[in-house]
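Throughout, read-outs are computed from the coordinates displayed, never taken from laboratory work. Values in this document were obtained by computation on a predicted structure and should not be read as measured data. When we count neighbours, we look across all protein chains shown, and the Cβ atoms used for this are built from the backbone with ideal geometry, even at glycine.
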Amino acid sequence: MGQTFYLGADIGGTTVKLAVLQEDGTIVEKWEIPTNTEEQGKSIPSDIAKAIDDKLGDLQIEKNNLAGIGAGAPGFVDTKTGYIHEAVNIGWKDFAFGERLSELTSLPVWVDNDANLAALGENWLGAGEGCSELIAVTLGTGVGGGIIANGNVLNGANGTAAELGHVTVVPDGGAPCNCGKTGCLETEASATGIVRKAKEVVEHYPESSLHKTMASGQLTAKDVFEAVEAGDTAAGQVLKDVSDVLGMAIANMAIAINPEKIVIGGGVSQAGRLLLNPLEVAYRKYALRRTAEASSFDLAELGNDAGVIGGCYLVKKNR
Ligand SMILES: [Zn+2]
């Protein structure tokens, strides 16, 4: 009997991030392999299995010292079986991923969606460390959510619990969302949503610096935050609108689990306090006062490692 190790795998549309961790969460090694999405991503399990075998060889870790693999993918996951109903970016549809990876590696495998894994990572070693009740929001090209309640990540009846990006915030209308609905939070508060919103608002502010940025090429969410910092009124209005709708959605969600911490991660969170301050103001405006009193906001701490660390924690909690 040697030391116990954990393997985390965070499968994205372009790369699969992998990491080996010790029992106490120390990262022994992390690396990535390209995601081969050809033929509906069917070679991904064998690519991962090979990458693990090669790395264990390099690290001189025996496979039977690995407690298991915790893997995440963006999509709808049956966490009991590791079955993926659909993961659009990867190409999987009705794919028995967990079973396949387990066969190929002879290791137990647990699977969850990527936002839940990020929440678990932050809950173990990041900004939400040790929180029994936690809401984690990932603001990137989409909006992901993960909820920890009673110390466990919520999955729901068919894997859609905590899909915060698809809370409806514009009734009867709003922009179309990738999920097939309209008016989802994701269409308003993701990086893409912020840019869409900025283009709308700027129409009414011909003197805004964002006009020039738009004319010179592509407008990004980062441009909007930079314009806010420079005192641009239109950009300030965009940030206020985005914070308001996001704060309201989080406040409504907070009623369900009464969180002690709300952790904001993803590319958009790089705006830091510039985003967090108005967001917290909006949250406190919409939340039940007693609910708001119990909760504080923090930026995610684990960055791109949240998923692989969460994967290892998934194994640690379930083994
Ligand atoms: Zn949606």
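Structural remarks
- Label point at residue 172 placed 7 Å out along Cα→Cβ; residues across the stretch 231-267 whose backbone nitrogen lies under 20 Å: none
- Normalised by the number of residues in the stretch 231-319, the average gap of Cα pairs under 8 Å and 6 or more apart makes the relative contact order 37 percent.
- Cβ-placed point charges (K, R +1; D, E -1), dipole of the stretch 174-319 about Cα centre in debye, nearest 20: 600
- Convex hull of alpha carbon positions in the chain: directionally averaged projected area 17.0 nm².
- Cα gyration tensor, the stretch 252-319 - rounded (a/c under 1.5), prolate or oblate: oblate
- Per residue, the chain reaches -12500 deg cm²/dmol at 222 nm when only DSSP H runs of four or more residues are counted, each adding -39500 (n - 2.57).
- Here the chain is treated with +1 on each Lys and Arg Cβ and -1 on each Asp and Glu Cβ, and its dipole about the Cα centre works out to around 460 debye.
- Modelled label positions at residue 53 and residue 299, each set 7 Å beyond Cα in the direction of Cβ, lie 4.3 nm from each other.
- Separation of alpha-carbon centers, the stretch 99-131 and the stretch 200-259, rounded to whole Å: 32
- The chain: DSSP helices with Cα axial extent of at least 20 Å and average Kyte-Doolittle hydropathy no lower than 0.5: 233-257
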